[in-house]
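Student: Let me give you the structure first, and then I'll get to my questions.
The values are calculated or read from the model by the stated rules, or taken from the named source; none is laboratory data. In this text, all values refer to a predicted model and were calculated from it rather than measured experimentally. Note that each Cβ is placed from the backbone with ideal geometry, even for glycine, and that neighbours are counted across all protein chains shown. Quick note on the areas: whole protein, heavy atoms, side chains included, nothing else; ligands and nucleic acids left out. Shrake-Rupley method; radii C 1.70, N 1.55, O 1.52, S 1.80 Å.
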2 protein chains.
Amino acid sequence: MISSSRDVLAINTIRFLSADAVQQANSGHPGLPMGAASLAHVLWTRHLRFDPAAPQWPDRDRFVLSAGHGSMLLYSLLHLSGFDLPLAEIQRFRQWGSITPGHPEFGHTPGVETTSGPLGQGFTNGVGMAMAAHHLAARYNRDGRSLFDHRVYGIVSDGDLMEGVASEAASLAGHLRLGRLIYLYDDNRISIDGSTDLTFTEDRAARFQAYGWHVTRVADVEDLGTIDRALAEAKADARPSLIVCRTHIGFGLPSRQDTAAAHGEPPGEEELKGAKERLGWPLEPRFLIPDEARLPFAEAARRGAQDHQAWEAMLQALRRSDPDLMREIDRRIAGDLPPGVARLVPTFPADAKGLATRAASGKVLNALAAAMPEIVGGSADLTTSNQTALKGEAAMSAENPGGRYIHYGVREHAMGGILSGLALHGGFIPFGGTFLIFSDYMRPAIRLASMMGIRVIYVFSHDSIGLGEDGPTHQPVEHLAALRAIPNLAVVRPADANETAAAWLTALERRDGPTALALTRQSVPTLDRTRFAPADGLRRGAYVLADLGDGPPHLVLMASGSEVELIVAAGEALSAEGVPVRLVSFPSWELFEAGSPEVRDQVLPPAVRARVAVEAGIAQGWSRWVGEAGEVVSLERFGASAPYKELFSHLGFTTDAVIAAARRSLERSAMMARAAG
Amino acid sequence: MISSSRDVLAINTIRFLSADAVQQANSGHPGLPMGAASLAHVLWTRHLRFDPAAPQWPDRDRFVLSAGHGSMLLYSLLHLSGFDLPLAEIQRFRQWGSITPGHPEFGHTPGVETTSGPLGQGFTNGVGMAMAAHHLAARYNRDGRSLFDHRVYGIVSDGDLMEGVASEAASLAGHLRLGRLIYLYDDNRISIDGSTDLTFTEDRAARFQAYGWHVTRVADVEDLGTIDRALAEAKADARPSLIVCRTHIGFGLPSRQDTAAAHGEPPGEEELKGAKERLGWPLEPRFLIPDEARLPFAEAARRGAQDHQAWEAMLQALRRSDPDLMREIDRRIAGDLPPGVARLVPTFPADAKGLATRAASGKVLNALAAAMPEIVGGSADLTTSNQTALKGEAAMSAENPGGRYIHYGVREHAMGGILSGLALHGGFIPFGGTFLIFSDYMRPAIRLASMMGIRVIYVFSHDSIGLGEDGPTHQPVEHLAALRAIPNLAVVRPADANETAAAWLTALERRDGPTALALTRQSVPTLDRTRFAPADGLRRGAYVLADLGDGPPHLVLMASGSEVELIVAAGEALSAEGVPVRLVSFPSWELFEAGSPEVRDQVLPPAVRARVAVEAGIAQGWSRWVGEAGEVVSLERFGASAPYKELFSHLGFTTDAVIAAARRSLERSAMMARAAG
């Protein structure tokens, strides 16, 4: 018998839509949707503000399912709410080509706000989204009008709360008093290995209170009123809220409820039948959606659509009364750059002494940020080192959420997730700085940003042994290779100040993926662009700086970043000896690969087999560019603690070493040519 | 005027030895040593148990300077305590070839217990060391004797407490009630960007109480009695302890004390002079060590030496009375494997259906662990998935610290640091399991383990798109390449059950660095070793499985892990067509590179230029092995959510695709040969 209560009907619809999908896929996670269905129902039908016809409405509330393994909960909600997610897709859960993958994927499914699954990441994205919401409200809500008044809701799990990245983000959220952030904690006391008593006995509520959060409890999640009241209370509180909800994983399953077996495998026919019987649900048909179950969602959607229309009308009026303001807002929402952005960046005069590319980056960033309020970011407690300070801009704080500079604290991983949250929210081009070495701390967040194809800019300074005395713990060696390994991340290591300016422009224009800038601590010469090709060549990933000597080159010397200085010196010496040398600045493999094979062959002519690549990091991957006759001057060990000039010398990054490698490659190439007759 | 108090004299000696060294190096971090000198002094002279003549004494207390940037504090303490760290080395702080690098490095400097600097890592290593201390005490202290009775002390900073990895580790330490762990928190209220008010306003004490820690405060660190009492109280408490010490960064510096400027740059001559004047210290000579200042350290060292002798005598007696027990203990301390360890592992019969290498790994691990009590470990909440369960072994818990199975919780990063802590402690061969994708979460800890050259075994299952429906968020694509990038980490991806056994043996025998095992979720055939070469070939990194067809090979097909199945099928098809094919199983680049060039040329004959590498991940780096005529069947995108067989097929991992790649390579190789005349 179908329960007579409309809410209970809707909740059970979520439960069995999810369980039927998992059972049909013979793969997935039924436990969370069945246990947290009532939380989601109350949130979505009574609080969440959304317009299914306009999933990109900027002033919508955001919903983050941080526990992404419970994806069927989200797909059920999206379908019931009227998003463009047909039942047929739910029936193809976890199948090739469906829009219902195993974990929610941003950009793949309408209404999915972030890609989640790796625990702690969604939690952290939500913190970034809430920072965005507070920031926009502080900046644009004035004169009694409320252009941005949305919240960020989420469902978070034990696993999320155990992950360090969420701890970092929670501390920052409390510090910033992000009252627009409200998380329902699915406290089911079960993780994959069994009871949370096995390993997770800390007092979670007390911990979040220590972070400065408002914490309440819902003891019985089948009592919908308490959920509703807890949400209302959370909305009224100026602090971020954690609502600790005592749920029962796999609610309804006769033998699996409250066990780890309910977490991540199909319930099986018997259990599923038992649950349906217990909750008074018809055994057939599968994927049953009683008409009445759709009603609460339809009402919520109708309210949302009305709110959305009112909001659009407000903006329309504002476009007439304050067109300048609305130009800015519209541009931010569209994610467009201001016209003539390339003219904003400074040009640096040739200078043999030069400056560190981190210093150039600071100047370029400031020039851009002055004209682009959407550039918001900061550093993980290395502001001066990363040169990320925004001159004249206040820090974001609880008192001033409109501040544009973010002190992330020593929280690189949270910074990564927050950057994604800001980008996902829309209206921001976020950046975050740390040492390149600490990109390792952020790697899971960088990967997800790359997968989501969002515009985030990582400012990684101190990009080699060139950082000197701090030693091997702080010297990246394998990091350029490891970052280049991530699909859809552009790694750009400019050689001088003017390439740094071009690198920033490239990062801004790259709308479909993040960019990592690798910048030197130490000074590098600002190349004389009357002798060398324009720095704008950086946009092609690799470009010919100059052909030295007469006739077609016999040798290609290529390098990225600070090592370009070495190939210039080596090339000059070799060409003085009569060897025609091509110098190639090679700041980005990804940008080079994105070009045509013809362009690549123009820069690296197949006929020229004597090639040397120079980079103060591991060789991994360079063999592709230098070929069998080539040489790589690289570093196949950890660094050491000493002044950087000594390190470069002791570890083999000298003009002489490059010349020696060039001679070996010339000889090998000649030998191969002789062998070829 | 030198202060009359011996303790104050010693404390100021630490301060100015450190500050003088930083000033002389013109690089380094004076703030922490000057601010925390009194903490360190009281700890080292009144509580820490150590014998400078025997820095490896197994029952010593461990001291971890998690805030590794304060390295000069540690070097000062080691020198004053009589470790083999001459003053001349302090005078060469941060110089090439010194044993006083910018951050403390394990294995480089006597008395340094771990490599620290990347924040949060030392904190986490200490948790692992404390787990080791509790475990050994529970296992070996009986009949009233106390073989292992040491503690783990550390100095931790704001930055450590902000890092998520430390949060994860702190939660687990509280859960396990690691009373042997005592951290002095250098609460100086300053981080690099300025006041901690900028970003770190959470209630740290309350947070640690929520984790189940004992938390006390020292309001005035110049009152040595309060530090002493707090340490005594902490030692008496059954919980891990955090002693929140209100310190003053750069204590004594006239204008820089209590500012970020004291953190990470030389004080400058004027400031240094001012500090010496304020604290009544002679301006000259630099590096002054009054004889009296050495006395408290000498007394502590003398006590430690006596304790050490008594301990050795106890062991000596036990070697007579309980030789079996002592054989085990001595072997564990020495880090030796039991004799005939290779005979412990099972041999798997040929089986076309086969089994997943994670399943084989579970069997091998259990066979080894049954005979080797030093094998201790577990999983980050994926026990069944990683197949890491130790049958018949209890879980480590507060009640049973002698349990060998560790439920790390959903705390991959802490797991990484704890594994290192267990290995650094000595007496353990630790292992930890998670999905290969989540190696990203652990990367900073893996890097440091590699740098330290310690024996840690990472069990990474679900090593490709072969995990199937969970989708791209959980499918490693770039992870093999990214792990191979880390110097001194051995990445081993066995092709079948018998290679998995060889992989475990290799990891055990690899004493000078960690090993990452990459294991399949899905079944792979167990190769028939009467047709193919013995799996023991894995130890060489790559080996010839078989030469198919007549005469010398015209083509080499190489693959790792689950893709070996594909090259076998492709090789059989091609050899049936008359192409002589060499099949190479290539489980580990690092092991292959460690061999001689001659061995490498035997496996991959330079004359055979038609080569195909197959791996369900990115190609990065494979071009080195396949050469210019070669092909790589790889995955240059993120995966997708679908049953795994469909994924392999849709994403190009089929026998046909390998054959097509082989034909392309054969053709290119022939073309190159023709061009060569």
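Student: Within the accessible area of the range A:530-677, what % is carbon and sulfur when the probe is 1.4 Å and the other protein chains stay in place?
Tutor: Accessible surface attributable to carbon and sulfur in the range A:530-677 totals 54 percent.
Student: Follow-up. Tell me which of B:Ser461, B:Ala206, A:Ala166 sits at the most positive position along the dipole axis of the protein assembly as shown, charges placed on C-beta atoms (Lys, Arg +1; Asp, Glu -1).
Tutor: B:Ser461
Student: Which length gain, in nm to one decimal place, applies between B:Ser146 and B:Arg6 when the Cα-Cα distance is subtracted from 0.36 nm times their residue separation?
Tutor: 47.0 nm
Student: State which entries of A:Lys273/B:Lys645; A:Lys353/A:Lys391; B:Lys363/B:Lys391 exceed 21 angstrom in Cα-Cα distance in the structure shown.
Tutor: A:Lys273/B:Lys645; A:Lys353/A:Lys391
Student: If you don't mind, there's one more thing I want to ask. For B:437-447, what's the mean count of beta carbons from other chains sitting within 10 Å of each residue's beta carbon?
Tutor: 6
Student: Just to confirm my numbers, what's the Cα centroid distance between the range B:1-49 and the range B:57-136 in Å?
Tutor: Between the Cα centres of the range B:1-49 and the range B:57-136 lies a distance of 15 Å.
Student: Something else about it: Over the range A:313-405, average the accessible area per residue using a 1.4 Å probe and give it in Å², no decimals.
Tutor: Spelled out: the 1.4 Å probe surface of the range A:313-405, per residue, equals 44 Å².
Student: Across bins of 10 angstrom width beginning at 0, how are the C-alpha pair distances of the range B:462-503 distributed, in whole percent?
Tutor: Using 10 Å bins, I get a P(r) of 26, 41, 32, 1 for the range B:462-503.
Student: Could you tell me which residue in chain B puts its beta carbon nearest the axis mapping B onto A, with the distance rounded to whole Å?
Tutor: Rotation axis B onto A, closest Cβ, rounded to whole Å: B:Gly164, 1.
Student: Same structure again: What does the range B:108-181 give for Rg and for Dmax, in Å, if only its C-alpha atoms count?
Tutor: Final numbers for Rg and Dmax: 13.6, 43 Å.
Student: From the gyration tensor of the Cα coordinates in chain B, what semi-axes in whole Å does the equivalent ellipsoid have, largest first, with each one equal to sqrt(5λ)?
Tutor: Rounded to whole Å, the semi-axes are 52, 28, 22.
Student: Taking +1 at the Cβ of each Lys and Arg and -1 at the Cβ of each Asp and Glu, which of B:Met314, A:Thr520, B:Ala238 sits farthest along the dipole of the protein assembly as shown towards its positive end, judged by Cα position relative to the Cα centre?
Tutor: Going by the Cα projections, it comes out as A:Thr520.
Student: Per-residue accessible area for A:Val152 at 1.4 Å probe radius, Å² rounded to 10?
Tutor: Surface open to solvent at A:Val152 totals about 0 Å².
Student: OK, next. Taking Cα atoms of the range A:1-116, Rg/Rh with Kirkwood Rh, to two decimals?
Tutor: Reported Rg/Rh, Kirkwood definition of Rh: 0.94.
Student: Using all C-alpha to C-alpha distances in the range B:263-318, build P(r) with 5 Å bins and read off the rounded percent in each one.
Tutor: 4, 14, 14, 13, 11, 10, 9, 8, 6, 6, 4, 1
Student: Which percent, to the nearest 5, of DSSP beta bridges fully inside chain B are antiparallel?
Tutor: 15 percent
Student: Kirkwood Rh over Cα pairs of the protein assembly as shown into Stokes-Einstein at 25 °C, 0.890 mPa s: D in µm²/s?
Tutor: Diffusion coefficient, whole number: 76 µm²/s.
Student: Counting only other chains, what is the mean number of Cβ atoms within 10 angstrom of the Cβ of each residue in peptide B:403-415?
Tutor: 5
Student: Looking at the P(r) of the range A:193-297, how many percent of alpha-carbon pairs lie beyond 16 Å?
Tutor: Counting every Cα pair in the range A:193-297, those more than 16 Å apart make up 72 percent.
Student: How big, on average over all directions, is the shadow cast by the Cα convex hull of the range A:134-271, in nm²?
Tutor: Over every viewing direction, the Cα hull of the range A:134-271 projects on average to 10.1 nm².
Student: Does the range A:369-495 come out rounded, prolate or oblate by the C-alpha gyration tensor, with a ≥ b ≥ c the root eigenvalues, rounded set by a/c under 1.5 and, if not, prolate when a/b is larger than b/c and oblate if not?
Tutor: Taking the square roots of the gyration eigenvalues as a ≥ b ≥ c, the range A:369-495 is oblate.
Student: Can you list the residues of the range A:209-248 that have at least 20 square angstrom less accessible area with all protein chains present than in their chain by itself, probe 1.4 Å?
Tutor: Residues passing the criterion (a loss of at least 20 Å², heavy atoms only) are A:Ala210, A:Tyr211.
Student: Using a 1.4 angstrom probe on the protein heavy atoms only, line up A:Met314, B:Met34 by accessible area, largest first.
Tutor: A:Met314, B:Met34
Student: Same structure, new question: In debye to the nearest 20, how big a dipole does chain A give about its Cα centre with +1 on each Lys and Arg Cβ and -1 on each Asp and Glu Cβ?
Tutor: About 980 debye.
Student: Of the accessible area of the range A:350-463, with the probe set at 1.4 angstrom, what percent is carbon plus sulfur?
Tutor: 52 percent
Student: Per residue, how many Å² of accessible area does the range A:479-635 show with a 1.4 Å probe?
Tutor: For the range A:479-635, the solvent-accessible area averages 28 Å² per residue.
Student: In the range B:125-167, what residues drop by 50 Å² or more of accessible area when the other protein chains are put back, versus the chain on its own? Use 1.4 Å, and skip ligands and nucleic acids.
Tutor: Flagged in the range B:125-167: B:Met162, B:Glu163.
Student: Additional query: Rounded to the nearest whole Å³, what is the per residue volume of the convex hull around the Cα atoms of the range B:75-216?
Tutor: Hull volume normalised by residue count: 141 Å³.
Student: Quickly work out the A:Ala370-to-B:Ala670 label distance, labels modelled 7 Å from Cα along the C-beta direction, and quote it in nm with one decimal.
Tutor: 6.5 nm
Student: Output the relative contact order of the range B:101-260, whole-number percent, from Cα pairs under 8 angstrom with separation of 6+ residues.
Tutor: 21 percent
Student: Continuing with this model, one more query. If you take the accessible area of B alone plus A alone and subtract the pair, what total do you get in square angstrom, rounded to 100, with a 1.4 Å probe?
Tutor: 7700 Å²
Student: Need one number: the % of Cα-Cα pairs in the range A:241-379 sitting beyond the 18 Å mark.
Tutor: 77 percent
Student: Write down the accessible area per residue of the range B:46-198 in Å², having rolled a 1.4 Å probe over the full set of protein chains.
Tutor: Value for the range B:46-198: 22 Å² per residue.
Student: Let me know the shape class of the range B:606-664, please: from the alpha-carbon gyration tensor, a ≥ b ≥ c as square roots of the eigenvalues, rounded when a/c is under 1.5, otherwise prolate if a/b is greater than b/c, or oblate.
Tutor: In terms of gyration-tensor shape, oblate.
Student: Which parts of the range A:614-632, residue by residue, lose 30 Å² or more of accessible area when the rest of the protein chains are there, as against the chain isolated (1.4 Å probe)?
Tutor: Buried by the other chains: A:Gln620, A:Ser623, A:Glu628.
Student: I've got another one for you. If we restrict to alpha carbons, what Rg and Dmax does the range A:500-548 come to, in Å?
Tutor: Rg then Dmax for the range A:500-548, in Å: 12.4, 37.
Student: Then there is this: Treat each spin label as a single point 7 Å out from the Cα along the C-beta direction, and report the B:Ala317 to B:Arg189 distance in nm.
Tutor: Computed distance between label sites B:Ala317 and B:Arg189 equals 5.3 nm.
Student: Over the range B:125-164, one equal point on each Cα, no solvent: what is log10 I(q)/I(0) by the Debye formula at q = 0.22, 0.25, 0.30 Å⁻¹?
Tutor: The calculated log intensity ratios at q = 0.22, 0.25, 0.30 Å⁻¹ are -0.71, -0.81, -0.99.
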